[in-house]
Amino acid sequence: MRYKQTARNRGGVQRVEGKLRASVEKGDYYEAHQMYRTLFFRYMSQAKHAEAKELMYNGALLFFSYNQQNSAADLSMLVLEVLEKSESKSLYELFLGYICLFHRTTGQAGSLCVQSTQVVHRGVTGVFLEQNYSESRYHFLHSSDGEGCALMLVEYSASRGFRSEVDMFVAQAVLQFLCLKNKSSASVVFSTYTEKHPSIEKGPPFVQPLLNFIWFLLLAVEGGKLTVFTVLCEQYQPSLKRDPMYNEYLDRIGQLFFGVPPKQSPSYGGLLGKGSLMGSGEEDDVAEEAQEDSSPIELD
């Protein structure tokens, strides 16, 4: 019975889509856009989330194909609204597809693209916090939710990590946020993590040298003095050698905040996939500032 009901609902969506496509093909963009919105709220009031999601997603793609960027971006935001209200816990692949969809926007719709991508990342962190810490960590970086990231890391460290590595969990996150030029989230992550983690004694100063290094680094970033940064990195090399990626991150941070010239042979990884720190928009900014190839540090 449920199968027949689902098939009937899908058939209804397809018939409606056919009529809307015909309107768009005739150039009646405004009327079609308004009809999409009317149907969206009708479906949502009836708790038909799957139908609303499918209709809005296909409508966004249709408007994109006719270069109607604002209408496409608006329907994309409605897709996100469905996803945020949906009870489904297996939406990861869909989220990634929608991120690609939003990056098609240009011009005036570009700001909506940025906003919608951030909402996607916030949604993914909520869906996957209890299932996949590695995925959640990546998406927290792009959501700029420093407090949420810190709480996730506390749980991650307490449930999966060694006691001797409690400092390494937050160190990596802080360095990665700084590589994204997000000083605010970096500071929030550090303060929240060190305050909430049950295995970290109240500081600063801290028992763990690496935590003291991160604390001093955040202060140095605010001051912007290269000499302080250089001495700090030299003094804490024993701690920094615990992870070979730390010095890679610090090379980048030196360029962004202390005017260190880029290396002749960049050692940063690629921008694509979950291993990257940056999206396409941030890549362009960094390329202009550092005048190097588009390759920031990879996440593991």
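The values are calculated or read from the model by the stated rules, or taken from the named source; none is laboratory data. Note that the coordinates shown come from a computational prediction; the quantities given were computed from them, not determined experimentally. Heads up, the Cβs are rebuilt from the backbone with ideal geometry, glycines too, and the neighbour counts pull from every protein chain shown. With ligands, DNA and RNA removed, areas are computed over all heavy atoms of the protein, side chains included. Shrake-Rupley method; radii C 1.70, N 1.55, O 1.52, S 1.80 Å.
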* Mind checking the full-extension length gain between residue 77 and residue 25? Use 0.36 nm per residue of separation minus the Cα-Cα distance, one decimal, nm. => 16.5 nm
* How about segment 45-86: which chymotrypsin sites (Phe, Trp or Tyr not before Pro) there are in a DSSP loop, with at most 15 other Cβ atoms within 10 Å of their Cβ? -> 66
* To do: Jot down the per residue volume, in cubic angstrom and as a whole number, of the convex hull over the alpha-carbon atoms of segment 122-264.
  => 106 Å³
* Asked: By how many nm would the segment from residue 242 to residue 65 lengthen if fully extended, with 0.36 nm per residue of separation less the alpha-carbon distance?
  -> 58.7 nm
* **Selection from 159, 230, 190, by position along the positive dipole direction of segment 122-264 (Cβ)** => 230
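Share of segment 122-264's accessible area from carbon and sulfur, percent, 1.4 Å?
Carbon and sulfur atoms account for 52 percent of the accessible area of segment 122-264.
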* Of 225/263; 19/48; 181/263; 53/181; 183/225, which ones are farther than 23 Å apart at the Cα? -> 53/181
* To do: Find the centroid of the Cα atoms in segment 207-241 and in segment 142-158, then give the distance between the two in whole Å.
  => 22 Å
* Mind jotting down a quarter of the surface of the convex hull over the alpha carbons of segment 176-252, in square nanometres, one decimal? => 5.0 nm²
